[in-house]
Amino acid sequence: MKYVIAGAGPAGVIAAETLRKADPEGSVLMIGDEPEPPYARMAIPYLLAGDIGEKGTYLRKSKNHYKDLRIDYLQDRVKKVSAKQREIVLDGGGRRAFDALLIATGATPIKPRVPGLDLPGVHHCWTLADARAIAKRAKKGADVVLMGAGFIGCIILESLLSRGVTLTVVEMAERMVPRMMNDKAAAMLKRWCAAKGVAVKTGTKVTKIEKSGRGLTVHLDRGKPVAASLVVVAAGVKSNVGFLDGSGVKVKQGVVVDDRLQSSAPGIFAAGDVAEGPDFSGGWSVHAIQPTAADHGRIAALNMAGHPARYKGSLAMNVLDTAGLISASFGRWDGVKGGDFAEAADKAAYRYIRLAFDGDRLIGALALGLTDHVGVIRGLIQTGVALGDWKQKLMSDPHRVMDAYLARAYA
Amino acid sequence: MQKSLLIDPGKCTGCLQCELACSYDNEGVFNPAKSRIKVFNFHDQGRFVPYTCTQCDEAWCLHACPVEAITVDRASGAKVVADDICVGCKVCTIACPFGTVNYNQSTGKVMKCDLCGGDPECAKACPTGAITYVDADWTGLERMRTWAAKTDAGQRATA
């Protein structure tokens, strides 16, 4: 069997390793378009903070990892896929035939239509190359504007602060991290950031960036323009599907896959940020998160190698450390029709928890300032355990989620 | 034969010797907050439940780690966090459906039970035999295994 994997992020690498185990005889070709060994974008904030060097971001640490597993790693980019001919065309001009193809091309940052985003000193924070460029400009005392206070923006925020810059955050939505936090939690987070010396402007748009002298001027739709020597754009990401035009592979937000991670074209699979797969909470979704990429990569590879494995669906979940305030979100934290909520807040201590139920089952949660045993929230949601009388106990004290787990599922 | 921790909540008196032994051996302090085994207290029932990682086969923590900081110790079977590689991203803390990986604010890393290299201090410190370290076949971890299987996003082949 000839396996080709387009993409060398976590989904691609885990798929390649799984293929090697599942089919020791097959040939495995993994194609990545960055001039680096496979690395974790998730580790970039820690690189910028100086906690690790570039090697610390690599997905696998042993020097000959891929060679030892007989995984061929090619630095190129897939330009075209033909489901019919069962081959791919590379940017470099070559063609490769496949018996099974995995599309694990990830996502790229969204570039909003704002004049000036191409100016020197304006960067995304997505690749190692971006990180190097940001590190050059984010020096102590430098004025930095962060465009976007979503999940990625908030994670970068901490590493920028640790470099000693003066930081202004501009977010279009009325609250920070709008997709993983409600108004209450987001307001706490904003207050926390302000206390750390960050200027947070929510409900504000960047209208234009201009060169001025040796730096940049960032114009806003309200308030005074902000001077900056660096602008970091974190306005969300989108699945890399452009090269699939005309391929015969069905694409919506991402590559639509079934519960075996197979696309509409037999023999072509997708995994990770590029895949729109079964969502545990219902329907199909792109969940651009590490645990989903890892699950997708493994299950897709098993199916590619002819070992049928079914996927029960990814759970949307995130954990975020914003300048020391840790938050987490799981599943349907926004609830469902007719469902109950339990909530507890301690504003002074920056602690908040909200649980969402459907009947006596937990379906989602938000937590701020709470880190101990948070994983059981995932367990309770994905096992769908009936909480019985523990639901009432959680309604009066949602902090007892670990006790509820022990009582209902363990002891 | 590989061994694992066998926990019998019925024998636990809530003395917390296990937490103290764990935090001292792993973190150098007598501080239950830094322990990787936790004793939960059900006041209304007068019941104590010691709880820690079962070193499950699914190893969500290990698979979710983006930088290969969690690996399997071949001798003990424990899933072990390498502090010098962990970047503190905490993804494993939400990926583990048992909630047994926790973030340690003072080190900026995550921590979990590593079976103390095959000689767990908690079992040695337990005066009532509520925590023992025995051949894996005896531990009857069926309940947790069932839980694991239910949480499983479908990692294992069905055929």
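Descriptive notes on the structure:
- Count Lys and Arg as plus one, Asp and Glu as minus one, and take only other residues whose Cβ is under 9 Å from that of A:GLY164; the net charge is then +3.
- In plain terms, the chain from B:PHE42 to B:ASP119 could stretch by 24.8 nm, reckoned as 0.36 nm per residue minus the Cα-Cα distance.
- At 0.692 mPa s and 37 °C, Stokes diffusion of the stretch A:122-233 via Kirkwood alpha-carbon radius, µm² per second: 234
- Counting only aspartates and glutamates at least 8 places from A:LYS312 when in the same chain, those with an alpha carbon closer than 20 Å to its own are A:ASP258, A:ASP259, A:ASP273, A:GLU276, A:ASP279, A:ASP295, A:ASP358, B:ASP57, B:GLU58, B:ASP152.
- Residue-wise HN-Hα coupling along the stretch A:372-385, computed from phi with Karplus coefficients 6.51, -1.76, 1.60 (Hz; x: Gly, Pro): 6, 6, 5, x, 4, 4, 4, x, 5, 5, 6, 8, x, 5
- Among residues other than A:THR204 with Cβ under 11 Å from its Cβ, the summed charge is 0 (Lys and Arg +1, Asp and Glu -1).
- Solvent-accessible area of the stretch A:122-233 (1.4 angstrom probe, protein heavy atoms only): carbon and sulfur portion equals 53 percent.
- 4 °C / 1.567 mPa s Stokes-Einstein diffusion coefficient of the stretch B:1-129, Kirkwood radius on C-alpha pairs, µm²/s: 86
- Cβ-Cβ FRET estimate between A:ASP99 and B:ALA82, R0 fixed at 35 Å, reported to 0.05: 0.40
- Debye equation applied to the C-alpha atoms of the protein assembly as shown, log10 I(q)/I(0) at 0.08, 0.12 Å⁻¹: -0.56, -1.25
- Summarising the overall dimensions of the stretch A:332-410 from its C-alpha atoms, the Rg and Dmax are 11.5, 34 angstrom.
- The slack in the chain from A:ALA227 to A:TRP284, taken as 0.36 nm per residue of separation less the alpha-carbon distance, amounts to 16.3 nm.
- Taking every DSSP helix (H) stretch of at least 4 residues in chain A, weighting each as -39,500 (n - 2.57) and dividing the sum by the residue count yields a mean residue ellipticity at 222 nm of -6500 deg cm²/dmol.
- For the stretch A:209-272, trypsin sites (Lys or Arg not before Pro) meeting the loop criterion (DSSP other than H, G, I, E, B) and having at most 10 other Cβ atoms within 10 Å: A:ARG214, A:ARG222.
- Sites count as exposed loop sites when they are GluC sites (Glu not before Pro), lie in a DSSP loop, and have at most 12 other Cβ atoms within 10 angstrom; the longest stretch of chain A without one is A:175-411.
- Charge dipole of the protein assembly as shown about the Cα centre (unit charges at C-beta), most positive-ward option of B:ILE131, A:ILE268, A:MET181: A:MET181
- Considering only beta bridges that DSSP places wholly inside chain A, some 60 percent are antiparallel.
- Considering only alpha-carbon pairs that sit under 8 angstrom and 6 or more positions apart, the relative contact order computed for the stretch A:128-257 is 26 percent.
- The stretch A:124-190 - Kirkwood radius from inverse mean 1/r over Cα pairs (Å): 12.6
- Between the amide H of A:ALA227 and those of A:VAL218, distances stay under 5 Å, these residues lying 5 or more places away or on another chain, with hydrogens modeled in the peptide plane.
- Taking the Cα centre of the protein assembly as shown as origin and assigning +1 to Lys and Arg Cβ atoms and -1 to Asp and Glu Cβ atoms, the resulting dipole is close to 1480 debye.
- Computed over the stretch A:90-162, Kirkwood Rh from alpha-carbon pairs, angstrom: 15.3
- Residues B:LYS11 and A:VAL89, FRET efficiency given R0 of 60 Å [Cβ-Cβ distance, rounded to 0.05]: 0.35
- Charged-residue dipole, Cβ positions (Lys, Arg, Asp, Glu), the stretch B:12-112 about Cα centre, Debye nearest 20: 160
- Relative contact order of the stretch B:3-151: 30 percent, from C-alpha pairs under 8 Å at least 6 residues apart in sequence.
- Label zone of A:PHE341 (point 7 Å out along Cα→Cβ, amide N under 15 Å): in the stretch A:277-300 this covers no residue at all.
- Exceeding the 26 Å Cα-Cα cut-off - candidates A:LYS196/B:LYS38; A:LYS67/B:LYS112; A:LYS55/A:LYS139; A:LYS347/A:LYS391; A:LYS205/A:LYS238: A:LYS196/B:LYS38; A:LYS67/B:LYS112
- Cα centroid of the stretch A:24-49 to Cα centroid of the stretch A:150-181, whole Å: 25
- Mean accessible surface per residue for chain A, computed with a 1.4 Å probe while every protein chain stays in place, in Å²: 41
- D_trans [Stokes-Einstein, Kirkwood Rh over alpha-carbon pairs] for the stretch A:35-109, 4 °C, 1.567 mPa s, µm² s⁻¹: 87
- Given charges at beta-carbon only (K, R positive; D, E negative), |dipole| of the stretch A:332-410 in Debye: 120
The values are calculated or read from the model by the stated rules, or taken from the named source; none is laboratory data. Note that the structure is a prediction, hence the values are computed from the model and not measured. Cβ atoms come from the backbone with ideal geometry, glycine included; neighbour counts cover every protein chain shown. When the accessible area is computed, the model is the full protein with side chains, heavy atoms only, and any ligands, DNA or RNA have been set aside. Shrake-Rupley method; radii C 1.70, N 1.55, O 1.52, S 1.80 Å.
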